[in-house]
């Protein structure tokens, strides 16, 4: 027995500790102390809150998408029925490069036009071809916002379409499904806490 006590009282050189073996930290304690404080576990409430927050952001994006589609369709209808025809003098036209840098992705052109005695210099919408400076083109101005002008040919070829609501509609189904799934998870967590 005395030999065992002598062994336990002997310094532990590998750890740099002296004293009985009950004071020797375990390998997990040593590893944790080298890395810093022990990690704090994240509870279920945090994940439920994060899920609710994510769904709220998703819902806001979805509402903005629906409003954008509605506004685009209304603008097309408004410009087709009540648009103000103008003659635009191109003041600048710059080619846009596609994502790979090897192909053209349309043109960004500005032009001058007059509506109700006021002259505007704005971006010409729907420009797919190059026009030299000084060229005149026919356009249509939005009657509700005189700073919006689009080529007449683009307005003639476009139409308001209910098919633009397909993507936001499908995303709405995804939102409802995720909301129901999160609600089910929240109920399960609440039942576990009660029991």
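The values are calculated or read from the model by the stated rules, or taken from the named source; none is laboratory data. What you see is a predicted model, and the numbers here were worked out from it, not measured in a lab. Glycine gets a Cβ as well: all are built from the backbone with ideal geometry, and neighbour counts include every protein chain shown.
Go through segment 30-71 residue by residue and tally those that are at pLDDT below 80, farther than 19 Å from residue 181 by Cβ and surrounded by 11 or more Cβ atoms within 10 Å (Cβ to Cβ).
Of the residues in segment 30-71, 3 are at pLDDT below 80, farther than 19 Å from residue 181 by Cβ and surrounded by 11 or more Cβ atoms within 10 Å (Cβ to Cβ).
Could you check segment 139-175 and list, in sequence order, the residues that are exposed (fewer than 11 other Cβ atoms within 10 Å of the Cβ), within 28 Å of the chain's Cα centre (by Cα) and assigned to a helix (DSSP H, G or I)?
Listed by number, the residues that qualify are 162, 163, 170, 173.
In this structure, is residue 183 under 33 Å from the mean Cα position of the chain (by Cα), in the same structural domain as residue 50 (by TED's automatic domain parsing) and either in a helix (DSSP H, G or I) or surrounded by fewer than 15 Cβ atoms within 10 Å (Cβ to Cβ) (or both)?
Answer is yes for this residue.
Applying the selection to segment 118-138, what residues are outside any strand (DSSP E or B) and within 19 Å of residue 82 (Cβ to Cβ)?
Within segment 118-138, 126 is the sole residue that qualifies.
Kindly indicate whether residue 107 is outside any loop (DSSP other than H, G, I, E, B), out of contact with any helix residue (DSSP H, G or I) (no Cβ under 7 Å at 6 or more places or on another chain), surrounded by 11 or more Cβ atoms within 10 Å (Cβ to Cβ) and modelled with pLDDT of 90 or more.
Taking the combined requirement at face value, the residue does not satisfy it.
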